[in-house]
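Since the structure comes first, as structure tokens, the remarks are kept for the end.
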Amino acid sequence: MQKETMKAMLLRVGIDKSSDGILSPIFPDGSFEYIPLSEKDEKSREKRTYVDLTGRKGKPLSDYLPPGVVDRKVHLDPEFTTFTYGDVGKKAGCLLKLEPGDILVFYAGLTPYQKSEHPEALYIIGYFTVMLIVDSHNSSSSKMRRIKQKYPNNSHLKRDSDIGEMVLVVGDPERSKILDKAILISQKKLNKIGRHYHAVSPQMEELLGVKGSIQRSIPPRFINGGDKLVNLKDLLDL
């Protein structure tokens, strides 16, 4: 049964220039690879590297990365196998504003691959329809053990330091997906000192009712009900 009042949250994810010096690729037909950030927690139990993850084009994700990055461990979050996304700190607090039935929309920085004419920009790459929200701070250790067993793909659950303070969002597998084609949502603009930044494009401002810089993941942007949410759902074919 659909909620009478829904909202959506837009959140930036994926490898980026500030974390690893590169963006995920977008191909001539608008398809793309989602490449996660590298793992920064040295004590994480994550073992997978970019060499170990195969992209949707059938190649290891390492094929799209420079030599200095390929052997780094991955921070696979979100993951689109069991549809989980977790975080701590300020973003965890934002995740707690979501409820079952809401939409968590992921966007990422993508750069043209080989002869792709798509611009280097920010694109919507997927979404979760929220099914479950786990607040580890208010969950028993036995519950968190069960969560880790049930959702073994998410890198946050492999960080012991995060277990007591993370929020985990689980998407409804029937209504969550990584997109086949990326959806452009940004346009480069110049700031006061002449540097480019990624802002919401005029078209997406009108469609979604959000504007300004979306270069960083904090603060996430919310779309609350009404025509703008309808437009988002149409955009996602949801």
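The values are calculated or read from the model by the stated rules, or taken from the named source; none is laboratory data. Please read these numbers as outputs of a predicted model, since none were measured by experiment. Methodologically, a virtual Cβ is constructed for each residue, glycine included, from the backbone with ideal geometry; neighbour enumeration extends over all protein chains shown. These area figures cover heavy atoms from the full protein model, side chains too; ligands, DNA and RNA do not enter into them. Shrake-Rupley method; radii C 1.70, N 1.55, O 1.52, S 1.80 Å.
Out of Ile178, Ile124, Ile185, which single residue is within 23 Å of Leu207 (Cβ to Cβ) and touching a Gly at 6+ places or on another chain (Cβ under 9 Å)? Reasoning before the result, please.
Details: Ile124 fails: touching a Gly at 6+ places or on another chain (Cβ under 9 Å); Ile185 fails: touching a Gly at 6+ places or on another chain (Cβ under 9 Å).
From the options Ile178, Ile124, Ile185, the qualifying one is Ile178.
Look through region 158-190, keep the residues that are of a type in the set (Val, Ile, Thr) and in a loop (DSSP other than H, G, I, E, B), and return whichever of them is least open to solvent (accessible area, probe 1.4 Å). Full working, then the answer.
Applying the first criterion (of a type in the set (Val, Ile, Thr)) to region 158-190 yields 163, 167, 169-170, 178, 183, 185.
Add one more test, that the residue is in a loop (DSSP other than H, G, I, E, B), and what stays is 163, 185.
Details: Ile163: 31, Ile185: 5 Å².
That would be Ile185.
With in contact with a strand residue (DSSP E or B) (Cβ under 8 Å, 6 or more places away or on another chain), modelled with pLDDT of 95 or more and open to solvent by 30 Å² or more (accessible area, probe 1.4 Å) as the only criterion, which of Val74, Val69, Val51, Val13 stands out?
On the way: Val74 fails: open to solvent by 30 Å² or more (accessible area, probe 1.4 Å); Val69 fails: open to solvent by 30 Å² or more (accessible area, probe 1.4 Å); Val13 fails: open to solvent by 30 Å² or more (accessible area, probe 1.4 Å).
Exactly one of Val74, Val69, Val51, Val13 is in contact with a strand residue (DSSP E or B) (Cβ under 8 Å, 6 or more places away or on another chain), modelled with pLDDT of 95 or more and open to solvent by 30 Å² or more (accessible area, probe 1.4 Å), namely Val51.
Tell me, which residue of region 77-101 that is touching a strand residue (DSSP E or B) at 6+ places or on another chain (Cβ under 6 Å) and not in a loop (DSSP other than H, G, I, E, B) is surrounded by the fewest Cβ atoms within 10 Å (Cβ to Cβ)?
That would be Ala92.
Can you work out which of the residues in region 102-135 that are of a type in the set (Ser, Thr, Tyr) and at pLDDT 95 or above is surrounded by the most Cβ atoms within 10 Å (Cβ to Cβ)? Write out each step before concluding.
Step one: filter region 102-135 for residues of a type in the set (Ser, Thr, Tyr), giving 107, 111, 113, 116, 123, 127, 129.
Now narrow it down to the ones that are at pLDDT 95 or above: 107, 111, 123, 127, 129.
On the way: Tyr107: 26, Thr111: 17, Tyr123: 23, Tyr127: 28, Thr129: 22.
Restricting to residues being of a type in the set (Ser, Thr, Tyr) and at pLDDT 95 or above, the top hit is Tyr127.
Of all residues being assigned to a loop (DSSP other than H, G, I, E, B) and among the hydrophobic types (A, V, I, L, M, F, W, C) in region 191-238, which is surrounded by the fewest Cβ atoms within 10 Å (Cβ to Cβ)? Just the residue, please.
Within region 191-238, the subset assigned to a loop (DSSP other than H, G, I, E, B) is 191-195, 201, 209-212, 214-220, 225, 237-238.
Imposing the further condition that a residue be among the hydrophobic types (A, V, I, L, M, F, W, C) reduces the set to 193, 210, 214, 218, 238.
Numbers: Ile193: 5, Val210: 17, Ile214: 23, Ile218: 10, Leu238: 14.
If we take residues in region 191-238 being assigned to a loop (DSSP other than H, G, I, E, B) and among the hydrophobic types (A, V, I, L, M, F, W, C), then Ile193 is surrounded by the fewest Cβ atoms within 10 Å (Cβ to Cβ).
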